[in-house]
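The values are calculated or read from the model by the stated rules, or taken from the named source; none is laboratory data. In this text the structure is predicted, and so the values were computed from the model without any measurement. Using ideal geometry, Cβ is built from the backbone for each residue, glycine included, and neighbour counts are taken over all protein chains shown. Quick note on the areas: whole protein, heavy atoms, side chains included, nothing else; ligands and nucleic acids left out. Shrake-Rupley method; radii C 1.70, N 1.55, O 1.52, S 1.80 Å.
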Amino acid sequence: MPVEFLGIAATNDGSETTPRSGAAFDKEYTLRLARAHEEHGWDRVLFAYGSGSPDPAPAAAYIAGRLDRLQILLAHRPNVSYPTFAAKTFATLDQISEGRLTVHFITGGNDHEQGREGDTLTKDERYGRTGEYIRIVKKIWTSREPFDHEGEHYRFHDFVSDVFPVQQPRPGVSFGGSSPAAYAVGGAEADIYCLWGEPLARTAEQIESVKAAAKAAGRTDVPRVQVAFRPIIAPTEELAWEKAHRTVGAIRRRREGGVVRHHRGEAPQNTGSQRLIAIAEAGERYDRALWTPTAAATGGAGNSNALVGTPETVAQALLDYYDLGVDILSARGYDLLDDAIDFGRYVIPIVREEVAKRDAERGAERDAERGAERGAERGAERAGRDQQALAAVRG
């Protein structure tokens, strides 16, 4: 199966290790970073969402109108707009990008962050709302006739959009989460299911949970799986680990200085962050290159487990996840621009080459199996004809 790479479409140069040097929305930097991804082998970039951050939709439109190939993953929280309005926004952006849009729906795992924009629903209520919201958006994208909706969270009558996506039947839907409620909604509605980087065994368990949820929802297909990491690469293993420890030190200094806000000093409420903290408490290193102190230093904030090593080591680690069935690999360094360029130059080509080899080998194996099956069938047919001929002679 093909492999894809997702990077980050930040609107400024700040990160967990470095304060931003300018405004929250720096047009020049936003374009420069997106162009670096397009020019160095990435498939798409994520325009993330934060309660006080620049609106990702117009930022995505700005990039879509200036780049030709880079695909867009737009994060969206259902609490910030009515689904009829959002569906038109997404369709318009798909038109601007000429069919390069995927929408990532965020339920929200932290009550305080949701409350910053007036969302007072409980976590379970939010998941119910997200599922209803996605179904409405999908219907608006594909319905040419007016329709009514009477649901638990949304009610409207005689609505039909006058703008439709380029992609047919619709753009892709991306979703993430690590709780049973998340698996249920994403298993039913998502085209892409997003996970944070965990040890291989735990990732395999989550993939099975997603598959089971899709089956329980009556689907005959399953969502594609995306896993996200923070790569820390250098020309040698020694230099990579020195860089990793410097990175953690920088994260801790910024967090201790009160610059980085996340859970207000409290334990995280969302299951994904709880899992990352538990994994970090159980050990620092897993599998080939997974390293957890970056997650521990941020309090399990979002995509925060690292892959540490040379480009070859990190590429092989990513291939381990590919072999589990992960075909979208998300990566974001701590120096957003330089790390995107280095990862694109030195890691992505290795992974793509190895994936092509694996796919060719598997294709050859399938061809050989089919050839053997056809040979066996022809042999059985010849044997049947010979038996018939022998019976006729004896008769």
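When you look at Asp94, is it surrounded by 21 or more Cβ atoms within 10 Å (Cβ to Cβ), of a type in the set (Asp, Glu) and within 27 Å of Asp162 (Cα to Cα), yes or no? Answer is yes for this residue. Among the residues of region 324-338, those that are in contact (Cβ under 8 Å) with a residue 24 or more places away in the chain, among the charged types (D, E, K, R) and over 19 Å from Phe47 (Cβ atoms) comprise Asp327, Asp335.
Looking only at residues of region 138-169 that are in contact with a His (Cβ under 9 Å, 6 or more places away or on another chain) and touching a residue at least 24 places away in the same chain (Cβ under 8 Å), we find that the one that is nearest to Pro180 (Cα to Cα) is Phe156. Selection of region 139-164 for residues being among the aliphatic types (A, V, I, L, M) and either surrounded by 13 or more Cβ atoms within 10 Å (Cβ to Cβ) or in contact with a strand residue (DSSP E or B) (Cβ under 6 Å, 6 or more places away or on another chain) (or both) yields Ile140, Val163. On the stretch given as region 100-132, residues that are assigned to a helix (DSSP H, G or I) and over 19 Å from Pro180 (Cβ atoms) total 4.
Could you tell me whether Glu189 is modelled with pLDDT of 95 or more and in contact with a helix residue (DSSP H, G or I) (Cβ under 9 Å, 6 or more places away or on another chain)? For Glu189, the condition - modelled with pLDDT of 95 or more and in contact with a helix residue (DSSP H, G or I) (Cβ under 9 Å, 6 or more places away or on another chain) - is met.
Just one of the listed residues (Ala34, Ala60, Ala75, Ala87) is aliphatic (A, V, I, L, M) and out of contact with any strand residue (DSSP E or B) (no Cβ under 8 Å at 6 or more places or on another chain), namely Ala87. Take Gly128 and tell me if it is within 26 Å of Arg285 (Cβ to Cβ) and of a type in the set (Gly, Ala, Ser). No, not satisfied. Filtered by the rule that a residue be out of contact with any Leu (no Cβ under 6 Å at 6 or more places or on another chain) and among the aliphatic types (A, V, I, L, M), region 92-119 gives Ile96, Ile106.
If you go through region 225-246 and keep only what is small (Gly, Ala, Ser) and out of contact with any Asp or Glu (no Cβ under 9 Å at 6 or more places or on another chain), you end up with Ala228, Ala240, Ala244. For region 163-174, the condition of being among the small types (Gly, Ala, Ser) and not in a loop (DSSP other than H, G, I, E, B) holds for at least one residue. Out of the residues in region 100-125 that are open to solvent by less than 30 Å² (accessible area, probe 1.4 Å) and either without any contact (Cβ under 8 Å) to a residue 12 or more places away in the chain or of a type in the set (Gly, Ala, Ser) (or both), which is farthest from Ala60 (Cα to Cα)? Applying the filter and picking the extreme gives Gly109. Counted as qualifying within region 9-99 are the helices (runs of 4 or more DSSP H) with 2 or more residues that are touching a residue at least 40 places away in the same chain (Cβ under 8 Å) and of a type in the set (S, T, N, Q), namely 83-96. Is it the case that Ser81 is open to solvent by 20 Å² or more (accessible area, probe 1.4 Å) and within 18 Å of His149 (Cβ to Cβ)? Considered against the rule, which asks whether it is open to solvent by 20 Å² or more (accessible area, probe 1.4 Å) and within 18 Å of His149 (Cβ to Cβ), Ser81 comes out as yes.
If the condition is being hydroxyl-bearing (Ser, Thr, Tyr) and either at pLDDT below 95 or farther than 22 Å from Gly172 by Cα (or both), then region 197-234 contributes only Thr203.
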